[in-house]
Amino acid sequence: MKIRKELWFGFSLMGLIIAAALTMVFSVETMTNGHYGLLMLSLVVVAIMLGFPTAFTLMGMGMMFAFFAYHSGDQTAAGAMQQTLDLMVQRAFSVMGNDVLISIPLFVFMGYLVERANLIEKLFHSLHLSLARVPGSLGVATLVTCAVFATATGIVGAVVTLMGLLAFPQMLKNGYDVRLSAGAITAGGCLGILIPPSVLLIVYGATAGVSVVQLYAGAFFPGLMLAALYIAYFIIMAKIKPTWAPALSAEQRMVPLPPQLKAIGATSDGWALGSLIKALKGRRNQEVSTRYLLGQLAIVLAPAVLFALVSFASYQNATTVVVEENYTELQAMGAGTTNDQDSNAEEEGGLAEPEGLGEPEGAAEGDVALPPGAEDDKAEAQADAGAAPAPADSVALPPGAGGAPAEGAAPGATTKPASTGFWIGFGVGALTLAVFYGILSYARLEVFKMLLSSFFPLLVLILAVLGSIVFGLATPTEAAAVGAFGGFILAAAYRQLTFNVVKESVFLTAKTSAMVCWLFVGSAIFSAAFALLGGQELVETWVLSMNLSKTEFLILSQVLIFILGWPLEWTEIIVIFMPIFIPLLDNFGVDPLFFGLLVALNLQTAFLSPPVAMSAFYLKGVAPKHVTLNQIFAGMLPFMGIQIVAIILLYQFPAIGMWLPEVLYR
């Protein structure tokens, strides 16, 4: 029987792991508990590669070696078993009490609802028409669709499969290169690993003890950067190799116009804004109602209205300065009559004020006592300054502190001129709006209406979920609940909310969530057993003995994670190996948030690494029969190189990922 190459690779990798474990066993004179911990780690990896269920393998190995750790001392077998069972219950309960994990089923449910609302087909069609004049427009539209849909779902397999059914046949039909097309779909589908709301970031945050909110804020710009690098590469390849990504023909770029617009003499290249205003000002057409024309004009003017509202709100925010309230009357500490203080002291059982320490004779009530002669000095100073003596019961305030706000400003607020940055932004926005209306033909208006019905609903859902998380309006769990409700609304709006859709979404959500949560339970038991055996201390001692610099440690850790990404899923890498890496970060001065962003980019690269690249198998399952797995692998390699470039850019310029969290939360 002929064995496939990927099986040979898997067996070879397992052989290397077993050989390394045996070498460790026979190279040390005395096996300590730490060595048994490393042996447990090796056995878990081999068992997972052989196909055993990850969660239950982790639990089984963890309990077995935890019993060994307890029994290796003076503890009896019964006592060790009792402690092992107690450990299992405690670790499982700690996982159940983690509130962050509640957001996982809600985000997954939102993704499956959006997936089954059939939005992706409309989104891809409208995007490829709007980008028709861009080189490699089908590929660029595919990558943009993957980025948007990955943000709305975060489910890698679903995005790759759907785009493989929708975009791949169209790209092949239009003469696109098989490898370039396959690479775009597999790489674009993996963007959901990094771009929020990513389940990977939730799992990493819960494992490493890092705020999921900060992880989402930090992953936003790296995700956009990676998507932009993909798109730039595809456009460059379409320019260099036009035969790999042919331009769309005029017939394929043609957008049919509604009969009502044709009735007023509209053409595809006609100027939409001027023509609609002219049609409304002229004689009424019997075939086209005024209401329809007003509706079309409202759609055309919607961007201008939105720009005006945003500009007004931004101007108000940029010019308003909120002033803290100031009190015009200040009372001296300990103010009050002596009799009141004495009576209060007597009632409360305190000590009365000694005689002679009260107010001087002749002092008016409310005055602040001054040293002898201070009254004369104060009066002379005021006379020299030409000012009238201040009343004894008043306190001077800073100029304008208690004054009224500027005219037209809200109470407790003043105004200031808008900054130069605001006017630059306003000018760029106004210029963009002018260009938009200058080139808005009827064909582009129809494409704009397609985007309104496909892209903008998803955009509103994404902004509602991510905006509420990033700006602190809601926790990830609350935002996930809003997203799930928004998925319901979208599915209902597109008339896709059937019983079967809800049933399938619930079933797939339960399946995915159960897998992740059981993985957490297994990981918690495994990590506890690994710590009991002293494996973490042994690894830490070994790494520190190498005298690595911060850069060398990051390179070593990322190379190990990249290699582990070949045989293992990202969930297994996060829950098994992150508890080993995270305690080492303090020794090298690495921020766990920054490390998490590097890991997310790295695991996305591992999804494209032959021969165990899951994205390739997702696409192969729906691709035409003549497309081979080797062609898909060849197409993924350039995009994997782009991801490595993205990792280097993030390391060289940490502000790409750290700027937004620092501005918002630190």
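Quick note: the coordinates plus some simple rules give every number you see, no bench work behind them. Since this is a predicted model, take the numbers as computed values, not measurements. Reconstructed Cβ throughout: ideal geometry from the backbone, glycine too, with neighbour counts over all protein chains shown.
When a/c is below 1.5 the answer is rounded, else prolate if a/b is larger than b/c, else oblate, so apply that to segment 115-210 with a ≥ b ≥ c taken from the square roots of the Cα gyration tensor eigenvalues. Prolate shape, in that a/c is at least 1.5 and a/b is the bigger ratio.
Length gained on full extension, Leu309 to Ser549: 81.2 nm, using 0.36 nm per residue less the C-alpha separation. Among the chymotrypsin sites (Phe, Trp or Tyr not before Pro) within segment 422-479, those in coil by DSSP and having at most 11 neighbouring Cβ atoms inside 10 Å are Phe471. Projected label points at Asn630 and Lys503, each 7 Å from Cα along the beta carbon direction, are separated by 4.5 nanometres. Estimated from the Cβ-Cβ distance and a Förster radius of 41 angstrom, the FRET efficiency linking Trp423 and Ile644 is about 0.50.
Cross-link check: pairs Lys122/Lys625; Lys173/Lys620; Lys122/Lys173; Lys122/Lys620 evaluated at a Cα-Cα cut-off of 21 Å; pairs beyond the cut-off: Lys122/Lys625; Lys122/Lys620. Peptide packing for 35-48, 266-279, 205-218 was compared via the average number of neighbouring C-beta atoms within 10 Å per residue; ordered from the highest value, the list is 205-218, 35-48, 266-279.
For the pair Val255 and Leu556, the difference between a 0.36 nm per residue extended length and the Cα-Cα distance amounts to 103.1 nm.
The label-point distance for Leu165 and Thr76, in a model that sets each label 7 Å from Cα toward Cβ, rounds to 6.1 nm.
List the residues of segment 175-204 whose backbone N lies under 20 Å from a point placed 7 Å from the Cα of Leu637 along the Cα-to-Cβ direction. Under 20 Å, as judged by backbone N against the label point of Leu637, lie 177-188 of segment 175-204. Restricting the trypsin sites (Lys or Arg not before Pro) of segment 89-134 to loop positions (DSSP other than H, G, I, E, B) with no more than 13 neighbouring Cβ atoms within 10 Å leaves Arg133.
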